[in-house]
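Here is the structure we will look at, set down as structure tokens.
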Amino acid sequence: MHISKANQITGELLSAMQKLIPQLTSNNPPPSEAQLADLLNSGSSTLLVVRWPDQTGPIAGILTLIVYPVPTGVRAIIEDVVVDGEYRGKGIGEALTLEALRLAREAGANGVSLTSNPKREAANRLYQRLGFKRRETNTYFYSFR
């Protein structure tokens, strides 16, 4: 497998997003080209792309890492992790997560947060196996829709 940071929009990346995002959620559509450009040009977000079985293979999964400063330090969050159903069970989600952890540490974060739907049982087991601890906190969301 080959993991890299996406740094430009290609037809292949747009197609991969069209295929992957619906496997993650039905609540939001895949990003448009303009939205993907905003993500790739953001100073705080990194889109990791994994190809299988090597750098010449198709895009098999993605992960977004957000790293940003706050008054109390540097925060890091993993978002939108999805591995194509065709490639699950090959260690791709683990490799993406470990790369995100490496990048966050390198950026000065003292830890990484993430949320995962309880229905995503395999993903939750993976995060716990990698050392993520469940936080006892209230999570709130204010919707503009």
- Checked segment 23-47 for anything part of a helix (DSSP H, G or I) and open to solvent by less than 90 Å² (accessible area, probe 1.4 Å); matches are Gln23, Leu24, Ala34, Leu36, Ala37, Leu39, Leu40
- Query: Do we find that Ile78 is under 20 Å from Arg125 (Cβ atoms), open to solvent by less than 20 Å² (accessible area, probe 1.4 Å) and either of a type in the set (Phe, Trp, Tyr) or out of contact with any Leu (no Cβ under 9 Å at 6 or more places or on another chain) (or both) in this structure?
  - Reply: no
- From (1) open to solvent by 30 Å² or more (accessible area, probe 1.4 Å); (2) under 21 Å from Lys19 (Cα atoms); (3) among the small types (Gly, Ala, Ser), pick out the condition that doesn't hold for Ala107. (2)
- Query: Of all residues in segment 61-88, how many are small (Gly, Ala, Ser) and closer than 13 Å to Ala6 by Cα?
  - Reply: 1
- Query: Quick check: is even one residue across segment 48-60 surrounded by 14 or more Cβ atoms within 10 Å (Cβ to Cβ), at pLDDT 95 or above, part of a loop (DSSP other than H, G, I, E, B) and of a type outside the set (Asp, Glu)?
  - Reply: yes
- Selection status of Ala104, under 21 Å from Asn124 (Cα atoms) and either small (Gly, Ala, Ser) or free of Cβ contacts under 8 Å to residues at least 12 places away in the same chain (or both): yes
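The values are calculated or read from the model by the stated rules, or taken from the named source; none is laboratory data. Please read these numbers as outputs of a predicted model, since none were measured by experiment. Cβ coordinates were reconstructed from backbone atoms using ideal geometry, including for glycine residues, and neighbour counts include every protein chain displayed. Areas reflect the complete protein model, heavy atoms only, side chains present, ligands, DNA and RNA absent. Shrake-Rupley method; radii C 1.70, N 1.55, O 1.52, S 1.80 Å.
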